[in-house]
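Step one of this worksheet: look at the structure below.
The values are calculated or read from the model by the stated rules, or taken from the named source; none is laboratory data. For clarity, every value in this text was computed on a predicted model and none was experimentally measured. So basically every Cβ, Gly included, is an ideal-geometry build from the backbone, and we count neighbours across all protein chains shown.
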Amino acid sequence: MKLSFFGAAGTVTGSRYLLENDGVRVLIDCGLFQGLKNLRLRNWAPFPAPPKHISCVVLTHAHLDHSGYLPALVRDGFKGPVYCSDATRDLCEILLPDSAHLLEQDAEYANRRGFSKHKPALPLYNATDAERALKRLSPLHFDRRRTFPEGFSLRLHRAGHIPGAAIVEIDWSGRKIIFSGDLGRYDDPTMMDPSAIMEAHYLVMESTYGDRTHERRDAEEALASIVNRTAARGGTVIIPAFAVGRAQTLLFHLERLKSSRRLVDVPIYLNSPMAIDATETLCRRADDQRLTREEWRRACSVARYVESVDESKAINEDDAPKVIISASGMATGGRVLHHLKKFAPDPRNTILFAGFQAAGTRGAALVGGAQSVKIHGEYVPVRAEVDNLSMLSAHADANELMRWLGNFRRPPRMTFLTHGEPTASDTLRLRIQDELGWRCHVPEMMETSILE
């Protein structure tokens, strides 16, 4: 049996793991590379295994760095099923068409404005590719084992993180392989704790926050302080937020602040069609979360939904204090870029991030103190206040990852650490070896391991 790391090796993006046994190939996650240009270019390279020879795909969750390459895989010949949870299926029905739309829109904008080096600029995939990919989705229930004619069985466990996120368990030829996906936080106000896993022969675990812990500031107090301070000087708060998970968490906290009168009375806008659709989906899937449907409805009602481009332009021209939540969470694309162009140059405003910013993204540059950022081919000065509420991250931090590992009754034969920057992964590797005495390895991109 072979396990190949086609993504999320030495980086937090592009999750793709190929498990092969007796001619059967199972791809766990099929994500987009995001961030640094050299990573994004990998999206354009031929897939390392011929798509038509891949038997099936299993998704841990719907975020694009785990699911966003599916339309290209299907376009290039993949014809098998894509297994995932029910909520992941629902969210992919939002995320994949939206991703295709943004790719097409960005290509059209680049061609119209003439700032692309490619003539013409083309999208990585289009809406038709996304729709074809959606037809391959096959939902599975959590905690129910399913056996396949190819000789393996599959079971999904809840991972927390976002609705539908799964820890994938594969039993095959006497080996149990666990893929953690993205593990969520313990005691999160909206999401369930990640499920405890007791045993595995091999473990593939994320290490996004492997070298750090989340700050202990109270999230609501910090959020209220920033919004109130910005509004007092006549400014606007721009919050780049992931459309699935983070945007809804922010709405939850903002509603609590509003209802308890701890927040100044300013309008709150949710300006992301994808986030709006995802919010409605999350409200329907309260069984996957801690909050009831009514609690989610109340949280979602705190914001005014911005549906059209004209409405988006209108709030950009409004100089009154306000809060705008808009995708993407690392400021890599979407409507938030137009807000940044408008509001970043004014010191009265605040750009507020809410979690991890991958290397090479505008978000990382802004959090790192960049004096200007390039948007749509031009440099925009940054004079606004910039902050990051990292405690709102949906990823387990280093201590929470170690807590999750503490559920294992015995060490796996090998633990592979992926989905982390090199320093984060190696720091966690040393900690696991020193504190638990486990064998631990950080694979490189395109590395293949034999699972004996």
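With the structure loaded, tell me whether MET330 is surrounded by 16 or more Cβ atoms within 10 Å (Cβ to Cβ) and in contact with an Asp or Glu (Cβ under 8 Å, 6 or more places away or on another chain) or whether it fails that test.
Values: surrounded by 16 or more Cβ atoms within 10 Å (Cβ to Cβ): yes; in contact with an Asp or Glu (Cβ under 8 Å, 6 or more places away or on another chain): no.
Judged against the criteria, MET330 is not a match.
Collect the residues in segment 174-228 that are within 21 Å of THR249 (Cα to Cα) and not in a loop (DSSP other than H, G, I, E, B), keeping them in residue-number order. Show your work before the answer.
Our first condition is that a residue be within 21 Å of THR249 (Cα to Cα); within segment 174-228, this holds for 181-195, 208-209, 213-228.
Once the filter is applied, which keeps residues that are within 21 Å of THR249 (Cα to Cα) and not in a loop (DSSP other than H, G, I, E, B), segment 174-228 yields MET191, TYR209, ALA219, GLU220, GLU221, ALA222, LEU223, ALA224, SER225, ILE226, VAL227, ASN228.
Provide a single number: the residues in segment 179-204 that are touching a residue at least 12 places away in the same chain (Cβ under 8 Å) and either in contact with a Leu (Cβ under 6 Å, 6 or more places away or on another chain) or farther than 16 Å from HIS66 by Cβ (or both).
First, the residues of segment 179-204 that are touching a residue at least 12 places away in the same chain (Cβ under 8 Å): 179-186, 188-204.
Narrowing the set further to residues that are either in contact with a Leu (Cβ under 6 Å, 6 or more places away or on another chain) or farther than 16 Å from HIS66 by Cβ (or both) leaves 185-186, 188-203.
The qualifying residues number 18.
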Odd one out for ASP193, checked against (1) under 26 Å from TRP296 (Cβ atoms); (2) buried (at least 24 other Cβ atoms within 10 Å of the Cβ); (3) not basic (Lys, Arg): (2)
Pick from segment 338-360, criterion farther than 22 Å from SER225 by Cα and over 18 Å from the mean Cα position of the chain (by Cα), ranking: surrounded by the fewest Cβ atoms within 10 Å (Cβ to Cβ): LYS341
Failed condition for VAL82, given (1) touching an Asp or Glu at 6+ places or on another chain (Cβ under 7 Å); (2) modelled with pLDDT of 95 or more: (1)
Search result, residues across segment 1-60 that are closer than 20 Å to PRO443 by Cα and polar (S, T, N, Q): SER4, THR11, THR13, SER15, ASN21, GLN34, ASN38, ASN43, THR60
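If only one of GLY164, GLY160, GLY181 is touching a Pro at 6+ places or on another chain (Cβ under 6 Å), closer than 29 Å to ASP397 by Cα and buried (at least 19 other Cβ atoms within 10 Å of the Cβ), which one is it?
Within the list GLY164, GLY160, GLY181, the selection yields GLY160.
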Residue count, segment 22-51 (criterion: in a helix (DSSP H, G or I) and in contact with a Gly (Cβ under 9 Å, 6 or more places away or on another chain)): 7
Which numbered condition GLY377 misses (of (1) at pLDDT below 95; (2) surrounded by 21 or more Cβ atoms within 10 Å (Cβ to Cβ)): (2)
Which numbered condition GLU435 fails, given (1) surrounded by fewer than 17 Cβ atoms within 10 Å (Cβ to Cβ); (2) within 23 Å of the chain's Cα centre (by Cα): (2)
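What are the residues in segment 385-406 that are within 17 Å of the chain's Cα centre (by Cα) and of a type in the set (Gly, Ala, Ser), if any? Lay out the reasoning, then the answer.
Within segment 385-406, the subset within 17 Å of the chain's Cα centre (by Cα) is 388-397.
Passing the criteria: SER390, SER393, ALA394, ALA396.
Collect the residues in segment 163-207 that are of a type in the set (Val, Ile, Thr) and modelled with pLDDT of 95 or more, keeping them in residue-number order. Working first, answer last.
We begin by selecting, within segment 163-207, every residue of a type in the set (Val, Ile, Thr); these are 167-168, 170, 177-178, 190, 197, 204.
Residues satisfying the conditions are ILE167, VAL168, ILE170, ILE177, ILE178, ILE197, VAL204.
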The lone exception for THR418 - which of (1) crowded, with 21+ Cβ neighbours inside 10 Å; (2) out of contact with any Gly (no Cβ under 8 Å at 6 or more places or on another chain); (3) not assigned by TED's automatic domain parsing to the domain that holds LEU183 it fails: (3)
Cross-chain or 6+ apart pairs with Cβ under 9 Å, segment 413-429 first and touching a residue at least 40 places away in the same chain (Cβ under 8 Å) and closer than 16 Å to ASP397 by Cβ, then of a type in the set (Phe, Trp, Tyr) and assigned to a strand (DSSP E or B): GLY420/TYR209; ALA424/TYR209; LEU428/TYR209
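Being touching a Lys or Arg at 6+ places or on another chain (Cβ under 6 Å) and not small (Gly, Ala, Ser) narrows it down to one residue among PRO321, PRO345; which is it? Outline the logic, then answer.
Numbers: PRO321 fails: touching a Lys or Arg at 6+ places or on another chain (Cβ under 6 Å).
Sole residue among the options that is touching a Lys or Arg at 6+ places or on another chain (Cβ under 6 Å) and not small (Gly, Ala, Ser): PRO345.
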Residue selected from segment 39-51 under the condition touching a residue at least 60 places away in the same chain (Cβ under 8 Å) and more than 18 Å from the chain's Cα centre (by Cα), by the criterion surrounded by the fewest Cβ atoms within 10 Å (Cβ to Cβ): TRP44
